[in-house]
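The values are calculated or read from the model by the stated rules, or taken from the named source; none is laboratory data. Note that the structure is a prediction, hence the values are computed from the model and not measured. Please note: Cβ atoms are built from the backbone with ideal geometry, for glycine as well, and neighbour counts cover all protein chains shown. Keep in mind that these areas ignore ligands, DNA and RNA; they rest on the heavy atoms of the full protein, side chains included. Shrake-Rupley method; radii C 1.70, N 1.55, O 1.52, S 1.80 Å.
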Amino acid sequence: MIDRPRARISSRKQPKQARSNELVAAILDAAAQVLAREGAQRFTTARVAERAGVSIGSLYQYFPNKAAILFRLQSDEWRQTTDMLGGILADAQGPPLERLRRLVHAFLRSECDEAAMRVALHDAAPLYRDAPEAQAARASGDRIVDVFMQEVLPCAPEAIRALAGDLITTTLGTVGKQFSESPRSLAEIDAYADAMADMFCAYLERLGFGQDRA
């Protein structure tokens with residue numbers, strides 16, 4: 001049974017030397033393997049330490065509990081997603097809706113490439129999803145989407161832009177998770193991404209994307 005989401009999730013200390021960095025990297029790599037193989041329900045610090053080949057005491061020097069390890073894995077995943085969001089949506093060289101289409105394709109591919117890990121992290125979310133650290137991590141991605149919506153719908157009311165951004169990100173996350181739960185070929189991923197992107201683009205055009213640039 002998953003613990004109540006009140007456990008401390010901040011790391012005990014940050015590694016400062018190369019050897020410490022290597023130790024933390026080994027722990028996180030082992031944690032990812034244990035999580036993907038065992039799932040959130042059977043994820044324990046003892047299994048992670050055994051997989052990493054380190055003592056439980058060494059693990060606790062950097063992570064006070066399993067919630068802290070899981071949150072670090074989730075934070076790394078959020079950071080990768082945020083970097084992807086920023087790298088694609090903020091690229092002013094391409095038309096906005098073309099950037100959105102690229103994002104949908106990149107996101108679905110990443111979901112399918114790391115399906116086991118992401119499903120397990122979703123199952124573990126009650127351990128950390130309401131913590132201030134988790135809220136701050138998600139906020140950075142929300143800001144990128146907000147800026148993009150201001151570009152796409154500059155004449156729309158703020159409430160409409162917020163709704164559009166929330167609908168797109170929620171749909172991406174929810175549908176992406178469900179879609180990636182079954183093995184998918186590249187052709188299936190591309191076809192699904194094209195259909196989802198078509199839906200998003202049609203929605204934004206209905207809200208006035210083309211009229212804003214008329």
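Per residue, the stretch 18-62 exposes 52 Å² of solvent-accessible protein surface, assessed with a 1.4 angstrom probe and all protein chains in place.
Residues within the reach of a label modelled at S182 (point 7 angstrom out along Cα to beta-carbon, backbone nitrogen below 18 Å), restricted to the stretch 116-151, are 116, 119. Shape of the stretch 84-192 from the C-alpha gyration tensor: oblate (a/c of 1.5 or more and a/b not above b/c, with a ≥ b ≥ c the square roots of its eigenvalues). The listed residues T82, T169 rank as T169, T82 when sorted by accessible area, largest first, using a 1.4 Å probe. Remark on the stretch 18-62: hydrodynamic radius 10.3 angstrom, per the Kirkwood mean of 1/r across alpha carbon pairs.
What is the percent carbon and sulfur in the accessible area of the chain, measuring with a 1.4 Å probe over the protein chains and ignoring ligands? On the chain, the fraction of accessible area on carbon and sulfur atoms equals 51 percent. With K and R counted +1 and D and E -1, the other residues having a Cβ less than 14 Å from that of A195 yield a net charge of -2.
With the crude spin-label approximation of a point 7 Å out along Cα→Cβ, what separation in nm comes out for A159 versus Q41? In this crude label model, A159 to Q41 measures out at 4.4 nm.
Can you bin the chain into rounded, prolate or oblate? Criterion: square roots of the alpha carbon gyration tensor eigenvalues sorted a ≥ b ≥ c, rounded for a/c under 1.5, prolate for a/b above b/c, oblate for the rest. Prolate, since a/c reaches 1.5 and a/b exceeds b/c.
In the chain, with Lys and Arg counted as +1 and Asp and Glu as -1 at Cβ, which of these residues, V145, L73, G208, has the Cα nearest the positive end of the dipole, that is, farthest along it? With unit charges placed on the Cβ atoms, the residue in question is L73. For the stretch 96-108, backbone phi angles converted through the Karplus equation (6.51, -1.76, 1.60; θ = phi - 60°) give residue-by-residue couplings of x, 5, 5, 5, 4, 5, 4, 5, 4, 4, 5, 5, 5 Hz, Gly and Pro being listed as x. Only Lys, Arg, Asp and Glu carry charge here, each on its Cβ (+1 for the first two, -1 for the last two); on that basis the chain has a dipole of about 1020 debye about its Cα centre. The phi-based Karplus calculation (6.51 cos²θ - 1.76 cosθ + 1.60; θ = phi - 60°) puts the 3J(HN,Hα) values of the stretch 39-53 at x, 5, 5, 9, 7, 9, 5, 5, 5, 5, 4, 4, 5, 7, x Hz, whole numbers, x for Gly and Pro. The fraction of all Cα pairs in the stretch 155-214 landing in successive 10 Å bins from 0 to the largest distance is 20, 44, 25, 11, 1, given as whole percents. 3J(HN,Hα) along the stretch 198-207: 4, 5, 4, 5, 5, 5, 5, 5, 5, 6 Hz, from the Karplus curve 6.51 cos²θ - 1.76 cosθ + 1.60 with θ = phi - 60°, whole Hz, x for Gly and Pro. Looking at L100, G87, P132, which one has the Cα that reaches farthest to the positive end of the dipole of the chain (charges on Cβ: Lys, Arg +1; Asp, Glu -1)? Working it through, the farthest residue towards the positive pole turns out to be P132. Estimated from helices alone, the mean residue ellipticity of the chain at 222 nm is -24000 deg cm²/dmol (sum of -39500 (n - 2.57) over DSSP H runs with n ≥ 4, per residue).
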